[in-house]
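Trainee: Input: one structure, supplied below.
The values are calculated or read from the model by the stated rules, or taken from the named source; none is laboratory data. Since the structure is predicted, the reported quantities are computational estimates derived from the model, not experimental observations. Here the Cβ positions follow ideal geometry from the backbone for every residue, glycine too, while neighbour counts run over all protein chains shown.
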Amino acid sequence: MAATMQPAESDASPLLSVNNLEVVYDDVIHVLKGVSLDVPEGKIVALLGANGAGKTTLLRALSGLLDVHDGEVTKGSVHFAGRPVHHLPPTKIASMGIKQVLEGRRIFAELTVEENLRVGGHVAPRSIKTNMERVFGLFPVLAERRRRTAGYLSGGEQQMLAMGRALMSEPRCLLLDEPSLGLAPLIVQQIRDLIVEINASGTTVLLVEQNAAMALAISEHGYVMENGKIVMDKPSKELLDDSDVREFYLGLGAEGATKSFREVKHYKRRKRWLS
């Protein structure tokens, strides 16, 4: 039976599909230049790239937040569950099941933990109690601090709160923008495990990360973005084994030796996809 089901799964349309997407800021700055990627339902997909590659711009296009930054989709499309969403307002996109956790947490610092979560649940008001219990189950530290002012939480706790607030809206697809940024290694491990658990509970995840080792270890497929374009597209295991990815994103040489900053700082001249 498993053998007969497998082809159907591979032929299924992705939950989230980006096709030849171009984005311009202020009618002048061309940031995304024909980006295409697919996120299958129930999977974790990683998007890697250096600062300025266009990763956050792509997430803004997916969640409808380009207008806030004077950005515009000038070509291409974004489809979610088979429906075009690239010209919809963010409230409509959120109600369809796409939720973004912004880089830098962006919690409401003066509200309590519980109040932050209630704000996140405004699109699913009938399920606030159930969803809050789910969030507290995933993040026990938030349950312990539910009445604490959010601005007094640690960086890792604030990241958990930002993720929990997004889950309050019952998303089908969670967009995570640099969830490990600025966190201690032990907290990064906790965030990693939470992403895996969130995905295991049925939420599809598009993970934007500079921590390539972490992102590729938990994702099924990965994309590498450079200068507004997708330059590599492979299963995550193949990306982990790719010599270019190992050198330029994991800081490892061909034999696994760690490269120094001096050795990799001029890497753009030697990248295969930029030659």
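Trainee: Could you please tell me which pairs satisfy a Cβ distance under 6 Å, a separation of 6+ or placement on different chains, a first residue in the range 121-140 that is touching a residue at least 40 places away in the same chain (Cβ under 8 Å), and a second residue that is assigned to a helix (DSSP H, G or I)?
Mentor: Short answer, once both residue conditions are applied: G121/I128; G121/N131; V123/A94; V123/S95; F139/M160; F139/G164.
Trainee: Next question. For the range 210-230, give me each residue that is surrounded by fewer than 19 Cβ atoms within 10 Å (Cβ to Cβ) and either modelled with pLDDT under 95 or assigned to a loop (DSSP other than H, G, I, E, B) (or both).
Mentor: Residues satisfying the conditions are Q210, A213, E220, N227.
Trainee: Also, quick follow-up: Checking the condition modelled with pLDDT of 95 or more and more than 17 Å from K99 (Cβ to Cβ), which residue from A200, A184 passes?
Mentor: A200
Trainee: In the set G76, G104, G155, which member is at pLDDT below 95, of a type outside the set (K, R) and closer than 30 Å to H30 by Cα?
Mentor: G104
Trainee: Something else now. Can you tell which of R165, R126 is over 19 Å from the mean Cα position of the chain (by Cα) and outside the structural domain of L37 (by TED's automatic domain parsing)?
Mentor: It is R126.
Trainee: Name every residue in the range 35-52 that is closer than 19 Å to I195 by Cβ and in a loop (DSSP other than H, G, I, E, B), in order of residue number.
Mentor: Those that are closer than 19 Å to I195 by Cβ and in a loop (DSSP other than H, G, I, E, B): P40, E41, G42, K43, G49.
Trainee: Starting from the range 107-120, take each residue that is over 11 Å from V135 (Cα atoms) and in the same structural domain as G164 (by TED's automatic domain parsing) and list its partners that are modelled with pLDDT of 95 or more and among the β-branched types (V, I, T), counting only C-beta distances under 7 angstrom and pairs at least six apart or across chains.
Mentor: The qualifying pairs are E110/T149; T112/T149.
Trainee: Next question. Is it the case that I187 is buried (at least 18 other Cβ atoms within 10 Å of the Cβ), part of a helix (DSSP H, G or I), of a type in the set (A, V, I, L, M) and assigned by TED's automatic domain parsing to the domain that holds N211?
Mentor: When the stated conditions are applied, I187 does not pass them.
Trainee: May I pose another question? List the number of the failed condition for L142; all other conditions in (1) more than 30 Å from E72 (Cα to Cα); (2) out of contact with any Phe, Trp or Tyr (no Cβ under 7 Å at 6 or more places or on another chain); (3) not basic (K, R) hold.
Mentor: Exception for L142: condition (2).
Trainee: On to the next question. Whether any residue in the range 82-103 is within 22 Å of the chain's Cα centre (by Cα), within 28 Å of V39 (Cα to Cα), hydroxyl-bearing (S, T, Y) and in a helix (DSSP H, G or I) is what I want to check.
Mentor: Looking through the range 82-103, at least one residue is within 22 Å of the chain's Cα centre (by Cα), within 28 Å of V39 (Cα to Cα), hydroxyl-bearing (S, T, Y) and in a helix (DSSP H, G or I).
Trainee: Which one is nearest to the chain's Cα centre (by Cα) among residues in the range 42-53 that are more than 18 Å from L239 (Cβ to Cβ) and of a type outside the set (S, T, N, Q)?
Mentor: Of everything passing the filter in the range 42-53, G42 is nearest to the chain's Cα centre (by Cα).
Trainee: Within the range 149-194, count every residue that is of a type in the set (K, R) and out of contact with any Asp or Glu (no Cβ under 9 Å at 6 or more places or on another chain).
Mentor: 2
Trainee: While we're on this one: Name, by its number, the condition in (1) in contact with a Ser or Thr (Cβ under 7 Å, 6 or more places away or on another chain); (2) buried (at least 21 other Cβ atoms within 10 Å of the Cβ) that does not hold for G71.
Mentor: So G71 meets the others, but not (2).
Trainee: List the residue pairs whose Cβ atoms are under 6 Å apart, where the first residue sits in the range 53-80 and is at negative phi and assigned to a strand (DSSP E or B), the second is modelled with pLDDT of 95 or more and of a type in the set (S, T, Y), and the two are 6 or more positions apart or on different chains.
Mentor: H79/S17
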